[in-house]
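A.B. asks: To start, I am sharing the structure in question, which I have written as structure tokens.
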Amino acid sequence: MISVFYDGNCSLCSKEIGFYRNITKNHPFIWIDLTNDNVIENESFSKIDALKLLHVKDHNNNLYIGVPAFIVIWKNIPILKWLGFVATKPIIYWTLCILYKIFSKWRFNKVVTCKF
């Protein structure tokens, strides 16, 4: 199973996860809403870190954060495999990383619904 840790209080995050859930009904994902208490007490990362950036654990329990986490999701959704492939190309990957870091910082600091 692939575990996806997301901010259920963030409407944008919830919409995106909702989209993935709708197209992955028969795929190996566990969607973990971080707004539920104690959902990550046995994890190697903090709740606040996971609220700031998307966290994903793959089948082998490897942890991916940020853009690499999205790539794991995309590569495991048949209709989005192409996106996972494109996102690994160096110039696209680094551009996505920079943009996601800027966006996630803004989202966490400015959007009230994304904080506890």
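The values are calculated or read from the model by the stated rules, or taken from the named source; none is laboratory data. These numbers come from a predicted model, not from an experiment. Cβ placement follows ideal geometry from the backbone for every residue including glycine, while neighbour counts extend to all protein chains displayed. Heavy atoms of the whole protein, side chains included, go into the accessibility calculation; ligands, DNA and RNA do not. Shrake-Rupley method; radii C 1.70, N 1.55, O 1.52, S 1.80 Å.
A.B. asks: Taking all protein chains in place and a 1.4 Å probe, what share, in percent, of the accessible surface of the chain do carbon and sulfur account for? Let's see the in-between values first.
C.D. replies: Working: 4230 of 7030 Å².
Roughly 60 percent of what the probe reaches on the chain is carbon or sulfur.
A.B. asks: Could you pull out the chymotrypsin sites (Phe, Trp or Tyr not before Pro) across the stretch 3-78 that fall in loop regions by DSSP (anything but H, G, I, E, B) with no more than 15 other Cβ atoms inside 10 Å?
C.D. replies: Sites meeting the loop and neighbour criteria: 45.
A.B. asks: Skip the ligands, DNA and RNA, and give the accessible area per residue of the chain with a 1.4 Å probe, whole Å².
C.D. replies: 61 Å²
A.B. asks: Projecting each Cα onto the charge dipole of the chain (Lys/Arg +1, Asp/Glu -1 at the beta carbon, about the Cα centre), which of 77, 60, 42 comes out farthest on the positive side?
C.D. replies: Positive-end residue among those listed: 77.
A.B. asks: What base-10 log of the normalised intensity I(q)/I(0) is obtained for the chain from the Debye formula, alpha carbons as equal point scatterers, at q = 0.16 Å⁻¹?
C.D. replies: Results for the chain at q = 0.16 Å⁻¹ read -0.75.
A.B. asks: Same structure again: So which of 25/89; 52/75; 47/105; 75/101 end up more than 18 Å apart by C-alpha?
C.D. replies: Over 18 Å apart, Cα to Cα: 25/89; 52/75; 75/101.
A.B. asks: Per residue of the chain, what 222 nm ellipticity follows from adding -39500 (n - 2.57) for every DSSP H run with n ≥ 4, rounded to the nearest 500?
C.D. replies: Using -39500 (n - 2.57) per qualifying helix, the result is -14500 deg cm²/dmol.
A.B. asks: Projected onto the charge dipole of the chain (+1 at Lys/Arg Cβ, -1 at Asp/Glu Cβ, origin at the Cα centre), which of 4, 31, 91 gives the Cα projection farthest towards the positive end?
C.D. replies: My answer, from the dipole projection, is 91.
A.B. asks: Considering only DSSP beta bridges with both partners in the chain, what is the antiparallel share in %, to the nearest 5?
C.D. replies: Taking every DSSP beta bridge with both residues in the chain, the antiparallel ones total about 55 percent.
A.B. asks: For a quick check of understanding: with a 1.4 angstrom probe and all protein chains in place, what accessible area in square angstrom does residue 86 have, to the nearest ten?
C.D. replies: 50 Å²
A.B. asks: Turning to a different aspect of this structure: Return the loop-located trypsin sites (Lys or Arg not before Pro) in the stretch 1-78 (DSSP other than H, G, I, E, B) with at most 12 other Cβ atoms within 10 Å of their own Cβ; answer none if there are none.
C.D. replies: Here the sparse-neighbourhood loop sites are 25.
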